[in-house]
2 protein chains.
Amino acid sequence: MSKPYGPLNPPGRLLLGPGPMMVEPRVYQALSKPIVGHLDPYFFQVVEEIRELLRMAFGTKNSFTMAISGTGSAGMEAAVANFVEPGDRVAIFANGYFCDRITEMVRRYGGDPVRLEKPWGEVFEDDEARQFLDRVQPRVVAFVHAETSTGALQQGRAICAAAHEVGALVIADCVTSLGGMPVNVDETGIDVAYSCSQKGLSCPPGLAPITVSERAMERLRARRTPPRSWYLDLKLLDDYYDGAHRYHHTAPISMFYALREALAIIAEEGLENRWERHRRNHLALVAGLEAMGLKMHVAPPHRLWVLNTPRVPDGIDDAGVRRRLLEQDGIEILGGFGPLAGKIFRIGLMGASSTEENVLRLLDALERALCAEGFRPAASGRRAAEQAYSVSAAQ
Amino acid sequence: MSKPYGPLNPPGRLLLGPGPMMVEPRVYQALSKPIVGHLDPYFFQVVEEIRELLRMAFGTKNSFTMAISGTGSAGMEAAVANFVEPGDRVAIFANGYFCDRITEMVRRYGGDPVRLEKPWGEVFEDDEARQFLDRVQPRVVAFVHAETSTGALQQGRAICAAAHEVGALVIADCVTSLGGMPVNVDETGIDVAYSCSQKGLSCPPGLAPITVSERAMERLRARRTPPRSWYLDLKLLDDYYDGAHRYHHTAPISMFYALREALAIIAEEGLENRWERHRRNHLALVAGLEAMGLKMHVAPPHRLWVLNTPRVPDGIDDAGVRRRLLEQDGIEILGGFGPLAGKIFRIGLMGASSTEENVLRLLDALERALCAEGFRPAASGRRAAEQAYSVSAAQ
């Protein structure tokens with residue numbers, strides 16, 4: 001027997017980019033459990049557990065809560081394909097890359113996107129959100145809760161209230177927030193929230209959790225035409241996962257096992273404990289970065305706990321820094337893109353990646369990499385982070 | 001720490017339905033290897049290996065050969081979304097469920113489907129295919145190479161030749177044939193072939209291999225409008241996986257690891273050896289089923305080696321038989337649906353499921369289950385299958 005391809009042997013990486021994140025050994029174990037069929041009673045038992053656990057993570061009582069068989073981007077497309085009908089006016093809060101992607105999808109699905117724009121990294125105040133929606137009178141509103149391209153958090157409460165006043169549904173991209181920061185779908189008033197398996201949930205990429213309010217379900221049932229996408233048709237998916245268990249597609253069983261396990265880990269940690277862990281590690285990292293002399297791109301009240309975006313110091317080649325981190329230390333962080341290309345680093349601390357040990361290891365390695373590129377740190381990042389940890393422990 | 005959810009503990013099943021199939025331990029090991037980022041140089045190395053190995057499995061030199069981040073149905077939708085433009089006339093050879101699904105997708109994407117129909121389980125002869133395409137003068141032609149709902153094989157050579165004479169592209173659904181039977185994309189003249197990871201490739205479900213001819217790529221580049229689906233836009237996927245490595249979505253890394261390993265196993269076995277193994281186990285199973293007194297639904301020259309469809313004997317409750325197989329023996333087979341509901345069993349012997357041991361184990365268990373439902377077998381299925389194996393070994 002010839003062996004043209006040796007056994008797969010991936011390098012060990014410490015994943016601290018915008019995702020995917022580190023995966024708990026227990027989730028890898030679940031991934032490698034023997035699969036059952038996609039119509040097996042055991043599979044639907046796993047599906048029910050996932051639905052229940054996702055309701056906990058999203059903070060919702062929505063009956064329609066499940067995982068789409070695609071990555072986070074498939075979740076975004078499912079939201080657009082099902083809730084934007086041809087000709088619908090869609091108001092989009094545009095302050096980063098993922099709002100642009102939503103805009104592109106709305107166009108492709110025949111909607112009429114109307115955008116309120118801000119520079120990447122800024123967010124929308126309650127009043128401007130309300131004025132925008134009053135003026136546009138949209139049928140659908142979309143915003144990105146946690147913008148992975150900038151590191152900024154967009155609060156959703158005022159947007160949702162104003163949208164509902166004009167009779168619009170609200171779609172929220174929670175790809176980077178779910179599992180790492182409060183999402184609180186019901187309390188916020190979000191109608192359609194989608195996410196991914198690989199960031200705050202710390203499962204490998206491949207699934208897109210989604211939850212849909214009863215108000216949005218009514219809209220779906222009243223559609224004039226079926227969604228253009230068959231694969232992402234939520235009514236067909238509902239018939240498969242809920243009630244009738246009517247065959248739609250062959251669900252990615254192993255990924256469902258992994259997602260179930262990742263969510264069970266969250267239930268055991270406790271969602272609020274988990275948020276607090278993310279907040280604490282974020283604050284320590286920022287203390288370290290600022291001590292070294294780096295400036296954060298996003299203003300303090302709007303910073304994500306899960307994705308940190310320090311600016312690249314003047315004159316420093318960000319690609320050189322990142323290459324050195326990857327090659328010398330096996331650490332992945334990513335850079336900015338679009339208007340932020342070369343201007344920010346994107347450092348993710350989500351799920352299993354959000355630990356004190358990783359924060360300190362990254363600060364050490366980043367200091368070495370920055371120095372190699374000619375940067376002179378103002379003070380030790382590690383020492384500032386350690387101090388932040390000891391202060392928060394004393395509280 | 002509360003433990004509301006115990007560790008995942010799936011039952012051991014022998015998967016002999018229409019898919020998913022059994023998965024080699026080595027593939028499960030690959031699934032549980034530590035992930036890297038979706039822009040990591042190592043990931044693109046795995047992607048290149050998958051592309052090379054898929055060319056081998058598909059029998060093609062097509063540069064554009066990759067895996068879509070969704071299940072086989074996402075592969076089907078990618079084919080329709082990219083190659084059917086609004087208003088395009090699409091000729092569909094309709095003799096089973098998956099042709100109906102293609103028809104539905106063509107409608108949703110604005111195409112104009114024209115169908116040539118046959119009862120489920122029959123296939124189209126060369127002449128009728130040619131006459132149909134001459135008459136319809138379509139822009140796109142679609143057929144299902146191996147129909148999972150019926151167990152019938154549709155030869156593609158005459159369809160492809162006739163389609164190209166009228167300037168049409170040919171889409172072939174190879175979901176059930178790839179890795180288990182000859183597909184030979186280039187030799188047959190198929191322009192767009194898609195499949196799934198979970199049947200003949202014997203990887204868990206979750207990815208959809210796809211290959212596109214240069215002729216079809218030209219059509220894609222000349223599209224008047226971008227495909228309605230962004231997630232399945234093959235030009236964007238090409239920019240991600242090939243050449244520029246421009247970020248599109250976060251690929252499901254673990255599934256890519258698994259697919260790479262499943263394909264490496266095929267390369268080691270040798271594609272033709274693998275086909276022969278599938279043929280041999282199919283013939284032995286059929287010998288056993290016929291000895292018991294069951295009749296095959298599909299005529300001998302058109303039977304799939306990978307999916308066997310014996311008719312349910314008169315007066316026997318197929319659901320009762322299948323339930324007994326699952327509960328008593330842990331074996332999954334499925335029944336028919338649509339016009340074949342209650343009329344056939346669907347027994348898959350693909351990839352790691354296609355072994356002599358599984359054929360014999362199934363025949364024994366099926367005999368017991370049929371007897372429990374009141375059927376009296378004419379002779380021992382096991383003995384007939386063993387005889388078929390000894391004959392084929394002596395040849």
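Bear in mind that the values in this text are calculations on the coordinates, not laboratory data. Note that the structure is predicted; figures quoted are calculated from it, not measured. Please note: Cβ atoms are built from the backbone with ideal geometry, for glycine as well, and neighbour counts cover all protein chains shown.
Laid out as a table, the results:
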| quantity | calculated |
| --- | --- |
| Share, in percent, of DSSP beta bridges within chain A that are antiparallel, nearest 5 | 45 |
| The range A:25-268: equivalent-ellipsoid semi-axes (sqrt of 5 x gyration tensor eigenvalues, Cα, Å) | 30, 20, 15 |
| Inter-copy label distances at A:LYS235 (7 Å, Cα→Cβ; nm, one decimal) | 3.2 |
| Rh by Kirkwood over Cα pairs, then Stokes-Einstein D for the protein assembly as shown at 0.692 mPa s and 37 °C, µm²/s | 120 |
| Dipole magnitude of the protein assembly as shown, debye to nearest 20 (Cβ charges: Lys/Arg +1, Asp/Glu -1, about Cα centre) | 20 |
| Over 20 Å between alpha carbons, listed pairs A:LYS33/B:LYS199; A:LYS33/A:LYS199; A:LYS199/A:LYS295; A:LYS235/B:LYS199; A:LYS33/A:LYS61; B:LYS118/B:LYS343 | A:LYS33/A:LYS199; A:LYS199/A:LYS295; A:LYS235/B:LYS199; A:LYS33/A:LYS61 |
| A:ASN9 paired with A:GLN395, simple spin-label distance in nm, labels 7 Å along Cα-to-beta-carbon | 4.7 |
| Under DSSP loop assignment and at most 11 Cβ neighbours within 10 Å, longest trypsin sites (Lys or Arg not before Pro)-free interval of chain B | B:1-223 |
| Set of the range B:212-244 residues, backbone N closer than 18 Å to the point 7 Å along the Cα-Cβ line of B:ASP112 | B:224-225 |
| Ranked list, fewest to most other Cβ atoms within 10 Å of each Cβ, for A:THR176, B:THR355 | B:THR355, A:THR176 |
| Exam field: A:ASP127 pseudo-label spacings to other copies (7 Å along Cα-Cβ), nanometres | 8.2 |
| P(r) of the range B:270-395 over all Cα-Cα pairs, binned every 10 Å from zero, in whole percent | 13, 47, 33, 7, 0 |
| Counting DSSP beta bridges with both ends in the range B:99-230, the antiparallel % (nearest 5) | 35 |
| A:SER380 versus B:ARG246: modelled label distance in nm, points set 7 Å from Cα along the beta carbon direction | 4.6 |
| Shielding by partners - mean other protein chain Cβ count within 10 Å, residues of A:99-112 | 2 |
| Rounded to 5, the percent of DSSP beta bridges in the protein assembly as shown classed as antiparallel | 45 |
| Residues A:ALA299 and A:ALA319, FRET efficiency given R0 of 30 Å [Cβ-Cβ distance, rounded to 0.05] | 0.70 |
